[in-house]
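The values are calculated or read from the model by the stated rules, or taken from the named source; none is laboratory data. Quick caveat: nothing in here was measured; it's all calculated off a predicted structure. Please note: Cβ atoms are built from the backbone with ideal geometry, for glycine as well, and neighbour counts cover all protein chains shown.
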Amino acid sequence: MQTDATDDTLLISRQGRLGRLTVNRPKALNALDITLYRGIGAALAAWRDDPGVETVLIDSTSPRAFSAGGDLRALYTLALEVGPDAAARVFRAGYRLVSVLAGYPKPIVSFMDGITMGGGVGLGAHVRHRIVTERSVLAMPEVAIGLTPDAGGSYLLSRVPGLYGLRLALTGGRMKGGQAVVAGFADRMLAASDLPELASALARRPAGEVVDLAPAAPREGQEDLAAINALYDAPDLATIRDRLARSDAAWAAEDREAMAQASPLSLLVTFRAWHAARRLPDLNTVLEQEYRLIGNLLRQPDFTEGVRAKIVDKDNAPRWLDGAALGDVAIEACFAPRPDTLDLPVFPEPV
């Protein structure tokens with residue numbers, strides 16, 4: 001195996017026909033930052049026309065997490081000390097990388113083993129071959145920190161059968177490996193112990209052949225879509241919350257509690273964004289919508305307050321903007337155009 005020298009948070013190696021990108025921030029649950037975005041983007045740009053690399057594998061050094069998402073502590077500090085637009089530029093790099101991953105001309109395989117949330121979903125769930133395991137936990141929990149599903153997550157959520165994706169978006173609900181396959185966030189579920197053998201096979205044989213021979217995903221743990229649709233098929237968020245309050249189902253009570261802990265502004269934006277994403281034609285168009293939303297939400301106090309409460313002080317008592325006072329003007333402001341865009345597609349330029 002050939003190993004290339006790089007920042008120690010990203011291990012770049014080559015074995016046979018395989019190029020391997022391994023995220024190595026285990027103490028931070030492989031949180032993604034600008035250095036990782038740039039490193040992964042540069043490696044993909046270098047390998048794009050390299051005939052010696054036929055397949056790319058993205059994985060991590062930690063059995064606990066593929067990636068728990070963006071480095072929220074760093075973004076919190078950047079937003080407070082430099083300003084929200086500086087934080088938005090980090091998100092921009094991440095979204096451009098998502099577009100690169102989704103449109104890459106060579107097969108990319110991701111091992112979403114362990115915690116895979118937020119930006120981690122962006123890193124692993126838009127590539128050609130997406131593997132989960134019995135340890136996988138996938139979620140888009142952004143409403144809990146004053147944001148909205150991003151990194152292409154709203155695109156995936158808007159394509160989930162029925163209204164299950166809307167439920168996940170509004171509650172930050174978690175999916176186990178088999179559920180992620182059913183929802184379209186992954187393609188195959190394997191035992192975590194099988195991943196080393198799969199990586200070895202990818203170095204010798206075409207990715208499609210290797211993955212196609214992997215065991216089919218189990219079907220257990222599927223949700224009751226009819227019941228979810230009945231409560232979530234509503235003209236507005238208030239109607240959904242009222243239906244949840246009147247339901248006797250245990251899962252409805254859990255959904256209601258999750259929304260009670262979330263940013264009211266984020267919930268309103270997410271409801272509208274999910275429905276809008278359903279009508280948008282492709283991932284790049286949805287990414288542009290996400291960038292507008294995130295960039296504008298970063299200018300609101302709920303993001304730094306959410307990170308403070310959940311991650312910095314850990315008091316779990318965020319002081320959100322007053323939900324009752326929020327009107328259509330506040331929502332429209334989040335959807336307003338920004339002076340910059342993602343300028344997609346990215347290639348042939350690196351991230």
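Of note:
- Candidate set from the range 227-275 (those that are in contact (Cβ under 8 Å) with a residue 40 or more places away in the chain and over 17 Å from Met140 (Cα atoms)); member that is surrounded by the fewest Cβ atoms within 10 Å (Cβ to Cβ): Asp233
- The residue that is nearest to Gln289 (Cα to Cα), counting only those in the range 45-94 that are hydrophobic (A, V, I, L, M, F, W, C) and touching a strand residue (DSSP E or B) at 6+ places or on another chain (Cβ under 7 Å), is Ala68.
- Taking the criterion of being buried (at least 21 other Cβ atoms within 10 Å of the Cβ) and in contact with a Gly (Cβ under 7 Å, 6 or more places away or on another chain), the only residue of the range 187-206 that qualifies is Met189.
- If the condition is being part of a loop (DSSP other than H, G, I, E, B) and either without any contact (Cβ under 8 Å) to a residue 12 or more places away in the chain or touching a Leu at 6+ places or on another chain (Cβ under 6 Å) (or both), then the range 153-188 contributes Gly162, Phe185.
- Considering Thr116, Thr133, Thr148, the condition of being under 25 Å from Leu10 (Cβ atoms) and within 13 Å of the chain's Cα centre (by Cα) is satisfied by Thr116 alone.
Rundown of residues vs (1) over 18 Å from Val109 (Cβ atoms); (2) within 21 Å of the chain's Cα centre (by Cα); (3) surrounded by fewer than 19 Cβ atoms within 10 Å (Cβ to Cβ), yes/no style:
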| site | (1), (2), (3) |
| --- | --- |
| Asn30 | no, yes, no |
| Gly41 | no, yes, no |
| Pro51 | yes, no, yes |
| Ser67 | no, yes, no |
| Tyr76 | yes, yes, no |
| Leu80 | yes, no, yes |
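- Residue in the range 105-156 that is surrounded by the most Cβ atoms within 10 Å (Cβ to Cβ), counting only those that are farther than 20 Å from Ala45 by Cβ, touching a strand residue (DSSP E or B) at 6+ places or on another chain (Cβ under 6 Å) and among the hydroxyl-bearing types (Ser, Thr, Tyr): Thr116
- Residues located in the range 246-271, provided they are within 17 Å of Asp150 (Cα to Cα) and either in contact with a Cys (Cβ under 8 Å, 6 or more places away or on another chain) or among the polar types (S, T, N, Q) (or both): Ser263, Leu265, Ser266, Val269, Thr270
- Looking only at residues in the range 156-211 that are polar (S, T, N, Q) and out of contact with any helix residue (DSSP H, G or I) (no Cβ under 6 Å at 6 or more places or on another chain), the one that is nearest to Arg20 (Cα to Cα) is Ser200.
- Meets criteria (over 17 Å from the mean Cα position of the chain (by Cα), over 28 Å from Arg135 (Cβ atoms) and of a type outside the set (D, E, K, R)) for Pro26: no
- In the range 11-23, of all residues being crowded, with 20+ Cβ neighbours inside 10 Å and among the aliphatic types (A, V, I, L, M), the one that is nearest to the chain's Cα centre (by Cα) corresponds to Val23.
- One residue alone among Ala260, Ala199, Ala207 is more than 30 Å from Pro107 (Cβ to Cβ), at pLDDT 95 or above, small (Gly, Ala, Ser) and over 19 Å from the mean Cα position of the chain (by Cα), and that residue is Ala260.
- Flag for Ala238 being touching a helix residue (DSSP H, G or I) at 6+ places or on another chain (Cβ under 9 Å) and either assigned to a loop (DSSP other than H, G, I, E, B) or not polar (S, T, N, Q) (or both): no
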